[in-house]
């Protein structure tokens, strides 16, 4: 793997999930059984931490299929169902590509592509997934955090919006917001005349309306941010929109993925209505912008999900495949989660490299005779200890390698499962160093020829006194 970033400024590495956690922490369902009860109990500055949904052990039931589809309903007390395996009593295991299925709390439908007009006795293995089946209103300045964005599922059903924000300084992070339906306009998150609201690291989809369908709608608000979300499967008889800004100012829309916005009207990743949204480093697939132009780093490409499935239901997988154009394609100044690459990805779910490396320079402009300082972090996200070598090299402004490479190492070390190591590195810049732009490269692997991961940044050497 190679990751690269041309850095002008770089923020320090921080935790993605718990930045800004202040006040009292309220646990759901530990302290309160529902998210809304936890919100109602919170005061300004508190954190409401929501546990991920739990899965039951596998169960199995039999059905008789005599046409090309079957619908079945299982009493499940508000749970969703994940179909884990299907077998025909006549032919044995059935490949998942031979069928499609959809689940919501209390109902599951499965459609087979190859059994037309033929009877088959099927065994279907499934598991229950608990969901928070509720519509949320946030009237107080809090940090609302889901434990795991793939498994902390809030199901809106026929109520919409799924989350209605009416307070300033609210952060919503780490959820799957799934399924909202309506006859008029539908929104997954509705931000109503607020300031400083942050929506980040959420999965959102399965939104359906006869009017317009919108993932995040920002109305009459100021200085809000929509960061690193995956918004997928928007269906509408009107316009389908990922993020819509109405009479709002300063909304930052960055590092998001917009895909499968399917409707009879317009297909828009971002919709500007009398507002001034600031868009950058977003991926839009088969959808466009309205009222603004793509910003720096914005791309139009297939994000390459592992298994997008249907309506963000259980069984879908919105992680990125290796080779996705969204990997390491986010804003270089954004924080990178543990296990990510040299630069943050687009979307809610960071691609996890087995071994990751980040270099964070204190500055990227250094005078002759001064010191170039940086912080290097190496992480092992695998389940086994890994022996490694680490070293760094410099490329001169003329493109040639520095004769004194490696400038650090090689240093041998072993990383245990889940372990990360951080080191501060300092280099004195010679008084006769050529002026211009250099490239600093960190490498981890087996020295000298086997490189598992590398990360680089540019820095400039200027005359003393500048």
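Read the figures in this text as sums done on the coordinates, not as results from a lab. Predicted model only: the values in this text are computed from it and were never measured. Neighbour counts are summed over all protein chains in view; Cβ atoms, including those assigned to glycine, are modelled from backbone coordinates with ideal geometry.
Descriptive notes on the structure:
- The simple Förster model, with R0 at 41 Å and r as the Cβ-Cβ distance, assigns residue 91 and residue 321 a FRET efficiency of 0.85.
- Packing rank of 396-403, 92-99, where each peptide gets the mean count of other beta carbons within 10 Å, highest leading: 92-99, 396-403
- At R0 = 35 Å, FRET efficiency that the Cβ-Cβ distance of residue 210 and residue 41 yields, to 0.05: 0.45
- Virtual spin-label span in nm between residue 375 and residue 273, 7 Å along Cα→Cβ: 4.3 nm
- Available extension along the chain between residue 333 and residue 123 is 70.5 nm, counting 0.36 nm per residue and deducting the alpha carbon span.
- Three-way shape call for segment 138-180 based on the alpha-carbon gyration tensor, with the a/c threshold at 1.5: oblate
- Fewest-first ordering of 204, 304 by other beta carbons within 10 Å of each residue's beta carbon gives 304, 204.
- With the simple spin-label model, which puts each label point 7 Å out from Cα in the Cβ direction, the residue 134 to residue 462 separation comes to 5.4 nm.
- Cβ-based exposure ranking for 458, 200, in which fewest neighbours within 10 Å come first: 458, 200
- Projecting label points 7 angstrom from Cα along Cα→Cβ for residue 286 and residue 301 puts them 1.8 nm apart.
- Protection proxy ranking of 387-395, 170-178, 141-149 - average other beta-carbon atoms within 10 Å, highest first: 170-178, 141-149, 387-395
- Using the Cβ-Cβ distance between residue 451 and residue 426 with R0 set to 25 Å, the FRET efficiency works out to roughly 0.60.
- Here 185, 328, 317 are placed in order of increasing Cβ neighbour count within 10 Å, fewest first, which gives 317, 185, 328.
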